[in-house]
Structures are given as structure tokens and as C-alpha cells.
Amino acid sequence: MTLAHPPEDTPLTGLTTAADRGAARQLPPRRRTDRLRTRGLLRALLRDRFPAAAGADIGYTPSGRPVLLGHPRLCISVSHVADACAVGVAIDRAVGVDVQTPPQDVSDQVLGWSVPARRDQLTALPPADRAREFTWMWTVKEACGKAAGTGLAGPAFSLDVPLGGRVGRWGDYRWVSLRHASPIPLTCAFSSTERGTPQ
């Protein structure tokens, strides 16, 4: 997995393919920049670890998961926010990554529907700490949902994440929150057993 904090002018976009740039032209300017930075970071990681797939076209499954066309053994995941992007690549395993910037505050109502088992613990924290810890929990849910290919519309939404959690399991998936390495909430999830070739 790779994380970057890209500035406005970045060499990451120079690593993108013509297909990447063509697809990004359809997006509004801010989203276009974010997409190209993230795609550039993905291309850099592929060049380093899986060079044969570095220029592969990217498609999507019906659920919206990105896939490297022609490379069924590789699973990819991407995430971006305004000031950072993250990508993950795994061979013979499902993978999901999520990076998020904490909001200024998180309301009791949001805590009640999104992390009911941890609501009281989070409410007891100062607002900034509550927002940051909530965001770490949210990245776990997002990363697991991406790895499972269901997103938050699936069972990952109800995943219970302990406060301060760094590693954990969710069914066949393991997750790691990179609290020691990332200044903003960033989590990676992956299947703990090899998966079959996706259809």
C-alpha cells in the first residue's frame, strides 16, 4: 500500500495512461485532479511491484470496484481526500484502502446511527478527539467494505471497531489502521485467505 500527500503540481499525474487522462476529462476540475493523482500513485506502485500491469486499463465491477483488466490475480483499491491519496494492490487476495480527513465535529446523531456500540465512549471525548477517533473507525468500515466488494451498503457498515484499534478481523478479512505511519486516518483491509479468480 502507498500513501501520498500530493501538492497541486505533482509528477504523479505524469505517470497516468492516456486512458486515465481521457476518463478524467469527463470530471469536474477538482475531481479530475484527485483522480489523476490517485491513478498516478497506483501506476507508480504497480511499476514498482507488478511492472507487467503498470499500463493496464482499469475497469469496474457491477458494484463499482476498480479492476485491472487482463490481470485477474491482482486486486486494487484506491481512496483520496483533498490533501491525500492512498492505493493498495494485492495478488490473489481482495484488498481495500480508505483515507479520510477528520471533520471538525461529529454529532451525537451521526454517532448513534453509524457506531452505536461506541457512541458513549466517543461522546465522552473532547470534540476534536471524538472526530478523529470516529474517522479512524470509519476508515476501517470503508476499507473492509471495499475489500468485500460491497461498500458500506453491505455488512461492513455494522462492523464494530474498538477505540484506538490498530488491527482486527472481520469474517475472512483482516484490517490494519496505520496509526503509527499516517498523520491522517488510513486503513487497509485484505482477505486472509486466497481468493479465486474474479468473474
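The values are calculated or read from the model by the stated rules, or taken from the named source; none is laboratory data. What you see is a predicted model; the values in this text were computed from it and never measured. When we count neighbours, we look across all protein chains shown, and the Cβ atoms used for this are built from the backbone with ideal geometry, even at glycine. These area figures cover heavy atoms from the full protein model, side chains too; ligands, DNA and RNA do not enter into them. Shrake-Rupley method; radii C 1.70, N 1.55, O 1.52, S 1.80 Å.
Quick look at the values:
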{"read-out": "The range 17-64: equivalent-ellipsoid semi-axes (sqrt of 5 x gyration tensor eigenvalues, Cα, Å)", "value": "20, 13, 9"}
{"read-out": "Rg over Rh [alpha-carbon atoms, Kirkwood Rh] for the range 117-175", "value": "0.99"}
{"read-out": "Residue-by-residue Karplus 3J(HN,Hα) for the range 73-80, coefficients 6.51, -1.76, 1.60, Hz, glycine and proline x", "value": "7, 9, 10, 10, 8, 9, 7, 8"}
{"read-out": "The range 26-153, accessible surface, carbon-and-sulfur percent (1.4 angstrom probe)", "value": "53"}
{"read-out": "Compactness of the range 1-107, expressed as Rg and Dmax over alpha-carbon positions, Å", "value": "13.8, 47"}
{"read-out": "Residues with amide H under 5 Å from that of VAL67, placed H, sequence gap 5 or more", "value": "GLY59, TYR60, THR61"}
{"read-out": "Angle in degrees between helix 29-49 and the longest Cα principal axis of the chain, rounded to the nearest 10", "value": "70"}
{"read-out": "Rg and Dmax of the range 68-199, Cα atoms only, in Å", "value": "14.9, 50"}
{"read-out": "Rounded accessible area per residue of the range 28-173, 1.4 Å, Å²", "value": "47"}
{"read-out": "Rounded tilt (10° steps) of 127-148 against the dominant C-alpha axis of the chain", "value": "50"}
{"read-out": "Integer Hz, Karplus 6.51/-1.76/1.60 couplings in order for the range 52-63, x for Gly and Pro", "value": "5, 9, 4, x, 5, 5, 10, x, 9, 6, x, 7"}
{"read-out": "Burial ranking of peptide ranges 142-151, 100-109, 173-182 (average Cβ count within 10 Å, highest at the top)", "value": "142-151, 173-182, 100-109"}
